Structures are given as C-alpha cells and as structure tokens.
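Novice: What follows is a single structure, and I will ask about it in a moment.
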Amino acid sequence: MALGTLEFVQALVNGLLQGGFFALSAAGFSLIFGVQKVLNVAHGAFIILAAFATIQFSILVTPALHIDPLFSIFPDFLMLALLGGSVYLLIIYRIERTGFEAPLLATFGLSILLEYLASNGIGPFPALDPSHGIGAQAQHQSYSSNAFQIGPIFLQEAQALAFVMAVVVLPILQLFLSRTYRGRAIRATSQDWEAAEFSGINTKAVRLLSFITGSALAGLAGGLFAFTNSVTATAGDEVLLPVILVVVILGGVGSILGTLAAGFLVGVTMSVSSLIALTLPSQFQFHADLAPLLTFLIFIVILMVRPRGLFGHSAAE
Amino acid sequence: MLSVDSVSASYGNLRVLWDVSMSAEAGEIVSIIGANGAGKSTLLKSIMGLVRTQGGEIVFEGTRVNGVAPHTLVAMGIAYVPEGRRLFPEMTVRENLRMGAPRRCPEVNERLKFVQDLFPVLEERRFQLVMTLSGGEQQMVAIGRALMAKPKMLLLDEPSLGLSPIAFEKVIGAIEKINREGVAVLLAEQSSERAMEISDRTYVLENGRVAGSGLSDELLHDPMVRLAYLGVGT
Ligand SMILES: Nc1ncnc2c1ncn2[C@@H]1O[C@H](COP(=O)(O)OP(=O)(O)OP(=O)(O)O)[C@@H](O)[C@H]1O
Ligand SMILES: [Mg+2]
C-alpha cells in the first residue's frame, strides 16, 4: 500500500492533537520537578484519578444540571489542586529536604495506592467497567465520538479540545512564570532555593504553589483523557508515565514551552511512525506495536545532540 | 540591635562554633575576621537562620530569632549577601534585584534607583543574564539584591572574594555609603586590614571561638593581631 498524502496529513493532525494532550500531561510533572527536584511518579496516577472523577461527575452531576459533560473537567481540576496541596503538606514537605529518594519512594507508594483503589472501585473510583471511558455511558456516547471535518481531515472533538487547552494554558503558564512576582519566585526557587529564601521569598509557599499548579494540570489532562481514551486503573503508569518522562526530558526540565514543543514532536512521531509501520513494503513491514521504538530512537538521538533537551533547562526563556 | 549570646553550631558531628557571643548596634560597621575555616560564614549563616544553632540566643531588635525562617528575618530587616554571591543565574540583573524586594512593594522603583545610583553599571546591564557579568558586577548585584529589601542591617560574607583590588575598593566605597544611609553592617572578611579600616569594631574568630574583640582602630595596632591576621610584624 502506498503512503497517500491525505493519510499522511491525517496522521500528522492526529499526532498534533495527541501531542497537545501529552504536553498538558507532562507540564505539571516538569514544573514540579523543575522547582523542587521532586520526581512525582504518581503524576500518571493523578491523571487517572482525575479521569475517573470526570467520568463519575459526568454520570452523576452534569446530566442532572443539563450541562455539557465537558464541564466535568472543572471540578476535577479543583479536586486535583486540592489533592496536590494536601500531598505536598502532609507528605512531601516533611521529607523533601532529605534528598530526592524519599519523595520518589513516597510518590511511588501513592501511585500504587491510587491504582489499587482504582482497580477495586473504591472511593472516588466509580465501579463501572473500568475498560471503558465515558464513551461507554449511553448518555455520552454521542459526545465521545463527536468528530468534525476540516476539508478532508477528521478531528475528534475532545482531542481538538486537548490541543486547544495545551496551546492556550501552557503559554499562559509560561507568561505567569516569566512576568509575575509569584512566577519569578517559582523560578528563583528552582534555580537556588536557599538564595530565594534569604532574599525574602517564602519558599515553602512557593513549593506548595508549584505542587498545586502541577497537580491541577494533571487534573486538566485527566479530564481530557476521560473523553478521549479508555480509562483503566493502570494506564497512568503503563501508558502515561513513560510518555511523560520522554516529553519532559526532551523539552528540558522546567521549560514549559519546551514541554509543549516536545509533546507535539512525540505525538507526531508516534502517529506518523505507526502509519509508516503499516505502509512499508511487506518485507520491511514491522508490527505497529513496534512504532514506539521509533519514538525512543528519535528521543535518544536528540538527547545525544542536546543533552539538556530541546529548550535548555529552565523556564527562564 | 543584634546580639548573639553564647551560640554554638555544628555540621553533623563536627562542631564549628563554640559559645560565640557578639553584638552590633544601629549605625555600626562591625567586622569579623579569622583564618580559613574559623567559622565566619557559619556565624553569619546562624544569624540568618540558614544553620541550626545549639544553645544560646540570637536577638534582633528585642526579638529572639533562633529558628526563625530566613525570609521572615528579611522582612524583619536583616539582609544577607552570601559568600560566592548565589545569584539566580538564569535571571537578568533587573529580575535578580526585583527578587530582593517583597511582592507588594510600592516603593520598588525608589529602591531600584537607590541601587542603580550606588552601582551605575547595573543600570546599563539591567537586561543581561547575571551569569554573563564579571565577578565584580555580580557582587554588585548580590549587594543590590540585599538592599532591595531596605534592610536595617546588612550581613556581608567575604565580598572581596574573586575581586581585583580596584573592584574591591568600589565595593568598600559602596559599603561605607550604605552605612551612611543608616544601615548597620556586619562584614566577614579575609582581607582583614581593609575590613578593619572601615569598621568601628572587630571580632576575631579562631577555631570557632571569639579570640578577641575591640575597637577596630585599636586592634589594627595590636601587635598580636598584626602578626596573626595582617601578616606583618610590628
Ligand atoms: N556545609 C558544611 N558541611 C560540613 N562542614 C562544613 C560546612 N560548611 C562549613 N563547614 C566546616 O565548618 C568550618 C567553618 O567553616 P566556615 O565556612 O564557617 O569558615 P570561614 O571562616 O567562613 O572560612 P573561609 O574564610 O574559608 O570562608 C570549616 O572547618 C568547614 O570545613
Ligand atoms: Mg567563609
């Protein structure tokens, strides 16, 4: 089968849309790691928690209020902000000064706990068939499959929304970091927290703010995930976290615009390489599951050329 | 204004300060001299809340400040210029200065003007990233950042570090000017002679203990001090 231009453009568009979601998912992780050197490996689980909460909300609340299920994303954004703040104050704050290992283990434990709760339908996790997203719910079936067309190109509505959110929210976050006092305080803390502290910045408040912001971004990503993918209890660690790590490192830790660019790059590489996998002459054809290999190959090559990622290592520029 | 009363400090099991007592009054310049490893930096860090102290008491303007967070001390009126400057490397000169002032600061422009009058070169370099500045210019940014807090007392750790004699003289001139504006200065220095010349009183630290103290003019002519710290005979 020959590779048609149209298919190629469609794959490119799909990749860009998917990339916007990747960037949103990775930005919070990158922010938290950049500011407080905490690797929040529960970030994937946070996204899944948010996705479940969105499903729950869109079943129980939005139909009763007769509003679009998409509004489920907002309470979910707030919920994750609250969760992030609590996790920081109750756990991370007490151990982060000891080095990066303790927070890593603590967030790892947290992700296992959240996964356990999710796979058993306990707490905030609805006991619905976990292999289905919102699409499984009759009242929203039409929503999830809503697509529109620009010329011959198809766009899935919720995916397009993820793209729009990424290109709107992340530059706003970047502006916040570079133009406001609080944003600069976050950057100062990430560059030298002790110097920030003796320059008069309350670095505990700054770390709390960055953890809340990062977690709220996970909430946003999770809400969108619920509308675009099938949500499973373990998708956070199995699907999302590896992609998040690639995007964060590629974009440069702490660089929000770098994360956005890297998200697009990874999204496009994945979709185009799976297209290529299917269209190679039969003797060279490889299985579509191997397509991620191509992504990782590109990832390694870029890091060999630019060890600090595409955009250096700071949110400064 | 500031009094340190039998304060000790350790890094792990290594005790570095032993019952150190000292004081500084409003309007004074006080210098702390001593050999490498004597504990000068540790003393300033203890005052600034960056090192946990054991025993003793640190009192600033009548308030006990042991264990108070550094950013709170800044709000109370103590500013700190650390050894090695510790600027925010990926920020511009202007951004570094801005971080020294509180979030809500109606007089931020007056403070910026004060710093830029003190160090005119910083005005020209204001949009430059600080890591591209010379050592002397970086020291000016570090002092300027501390002054943006409009402190009552300024702690300076080894401002001569890495500076040419000419650059250091500029910094010395600035310190005297800041002091004339009514800011008390606590100056830890290896270049003991210049520090003592501009200060009212001096404390000599030796192996983490106060080995001597007095009016700087008198200590400058003390043969023991001259031999041990100024590297000259009578
Ligand atoms: N972070 C640290 N961890 C362990 N030991 C330290 C630490 N900082 C300083 N020390 C030790 O404490 C002692 C006093 O150090 P300090 O930096 O206070 O001396 P100093 O008088 O400022 O010396 P210098 O003139 O070289 O700056 C030294 O023996 C030093 O090795
Ligand atoms: Mg020192």
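Nothing in this text is a laboratory measurement; each read-out follows from the coordinates by a stated rule. Small disclaimer: the values here were computed from a predicted structure and weren't measured. Quick reminder, even Gly has a Cβ in these numbers, built from the backbone with ideal geometry, and neighbours come from all protein chains shown.
Novice: Let me spell out the model: positive unit charges on the Cβ of Lys and Arg, negative unit charges on the Cβ of Asp and Glu, origin at the Cα centre of segment B:2-228. What dipole size does that give, in debye rounded to 20?
Specialist: Roughly 880 debye for segment B:2-228.
Novice: With a cut-off of 13 Å, note down the residues of segment A:36-56 whose backbone N falls inside the zone around a label point 7 Å from the Cα of A:Tyr116 toward its beta carbon.
Specialist: No residue passes the distance filter.
Novice: Here is a further query. Work out the mean other chain Cβ neighbour count within 10 Å for the residues of A:187-197 and drop it here as an integer.
Specialist: For peptide A:187-197, the averaged partner shielding equals 6.
Novice: Which shape class applies to segment A:198-248: rounded if a/c is under 1.5, otherwise prolate when a/b exceeds b/c and oblate if not, where a ≥ b ≥ c are the square roots of the Cα gyration tensor eigenvalues?
Specialist: Details: a/c = 3.70, a/b = 2.38, b/c = 1.55.
Note, shape of segment A:198-248 comes out prolate.
Novice: Turning to a different aspect of this structure: Give the Rg (one decimal place) followed by the Dmax (whole number) of the protein assembly as shown, computed from C-alpha coordinates and expressed in Å.
Specialist: Computed over the Cα atoms of the protein assembly as shown, radius of gyration and Dmax are 29.0, 97 Å.
Novice: Now for a separate question. I need the phi-derived Karplus couplings for segment A:89-102: 6.51 cos²θ - 1.76 cosθ + 1.60, θ = phi - 60°, integer Hz, Gly and Pro marked x.
Specialist: Values, residue by residue: 5, 7, 10, 4, 4, 6, 10, 5, 6, 7, x, 8, 5, 4 Hz.
Novice: Can you give the angle from 0 to 90° between the axis of helix B:108-118 and the longest principal axis of chain B, with both taken from C-alpha atoms, to the nearest 10?
Specialist: The angle comes out near 70 degrees.
Novice: Another question, then. How much of the pair distance distribution for segment B:2-228 lies past 31 Å, counting alpha-carbon pairs only, in percent? Walk me through the intermediate numbers first.
Specialist: Details: 4748 of 25651 pairs.
Here the tail beyond 31 Å accounts for 19 percent of pairs.
Novice: Also: Return the sequence-ordered ³J(HN,Hα) values of segment B:174-191 in whole Hz as given by the Karplus equation 6.51 cos²θ - 1.76 cosθ + 1.60 applied to θ = phi - 60°, using x for Gly and Pro.
Specialist: 3J(HN,Hα) across segment B:174-191, in whole Hz: 5, 4, 5, 5, 4, 5, 5, 6, x, 8, 6, 10, 10, 10, 9, 8, 7, 6.
Novice: For a quick check: sort B:Tyr229, A:Tyr88, B:Tyr11 by the number of other beta carbons within 10 angstrom, fewest at the front. Before the final figure, lay out the partial values.
Specialist: Values: B:Tyr229 23, A:Tyr88 26, B:Tyr11 10.
In increasing order of surrounding Cβ atoms, one gets B:Tyr11, B:Tyr229, A:Tyr88.
Novice: Which of the peptides A:299-306, B:217-224 is most tightly packed, and how do the rest follow, going by the mean number of other Cβ atoms within 10 Å of each residue?
Specialist: The most tightly packed comes first, giving B:217-224, A:299-306.
Novice: What's the local net charge at A:Tyr93, with K and R +1, D and E -1, over the other residues with C-beta under 15 Å away? Before the final figure, lay out each step's value.
Specialist: On the way: positive: A:Lys37, A:Arg94, A:Arg97, A:Lys204, A:Arg207; negative: A:Glu96, A:Glu197.
Result for the neighbourhood of A:Tyr93: +3.
Novice: Using only the Cα atoms of segment B:179-234, what do you get for the radius of gyration and for Dmax, in Å?
Specialist: 11.6, 36
Novice: Please report the antiparallel percentage of DSSP beta bridges with both residues in segment B:2-228, rounded to the nearest 5.
Specialist: 55 percent
Novice: Test of understanding: ordering B:Asp200, B:Asp157, A:Asp76 by Cβ neighbours within 10 Å, fewest first, what list do you get?
Specialist: B:Asp200, B:Asp157, A:Asp76
Novice: Dipole of the protein assembly as shown (Lys/Arg Cβ +1, Asp/Glu Cβ -1, origin at the Cα centre): which of A:Ala106, B:Gly182, A:Gly34 lies farthest to the positive side?
Specialist: So the residue furthest toward the plus end is B:Gly182.
Novice: Counting only DSSP beta bridges with both residues in the protein assembly as shown, what percent are antiparallel, rounded to the nearest 5?
Specialist: In the protein assembly as shown, approximately 60 percent of DSSP beta bridges are antiparallel ones.
Novice: Here is a follow-up. Which one of B:Ser192, B:His221, B:Ser160 has its Cα pushed farthest toward the positive end of the charge dipole of chain B, where Lys and Arg give +1 and Asp and Glu give -1 at the Cβ?
Specialist: B:Ser160
Novice: Most exposed first by the Cβ proxy, i.e. fewest other Cβ within 10 Å, how do A:Thr107, A:Thr180 rank?
Specialist: Details: A:Thr107 22, A:Thr180 12.
Listed from fewest to most nearby Cβ atoms, that is A:Thr180, A:Thr107.
Novice: Hey, what did segment B:2-228 get for relative contact order, percent, Cα under 8 Å, at least 6 apart? All intermediate terms of the calculation are to be shown ahead of the outcome.
Specialist: Values: 425 pairs, mean separation 66.1, N = 227.
Relative contact order comes out at 29 percent.
Novice: Return the calculated 222 nm mean residue ellipticity for the protein assembly as shown, to the nearest 500 deg cm²/dmol, obtained by summing -39500 (n - 2.57) across DSSP H runs with n ≥ 4 and dividing by the residue count.
Specialist: The helix contribution divided over the protein assembly as shown gives -17000 deg cm²/dmol.
Novice: Still on this structure, please answer the following. Considering only Cα-Cα distances, which of the following residue pairs are longer than 22 Å: B:Lys113/B:Lys170; B:Lys45/B:Lys150; B:Lys40/B:Lys150; B:Lys45/B:Lys113; B:Lys40/B:Lys177; B:Lys45/B:Lys152?
Specialist: Distance filter (> 22 Å) returns B:Lys40/B:Lys150; B:Lys45/B:Lys113; B:Lys40/B:Lys177.
Novice: Rounded to whole Hz and in sequence order, give me ³J(HN,Hα) for segment A:53-61 from the Karplus expression 6.51 cos²θ - 1.76 cosθ + 1.60, θ = phi - 60°, writing x for Gly and Pro.
Specialist: 5, 5, 4, 4, 5, 6, 8, 8, 10
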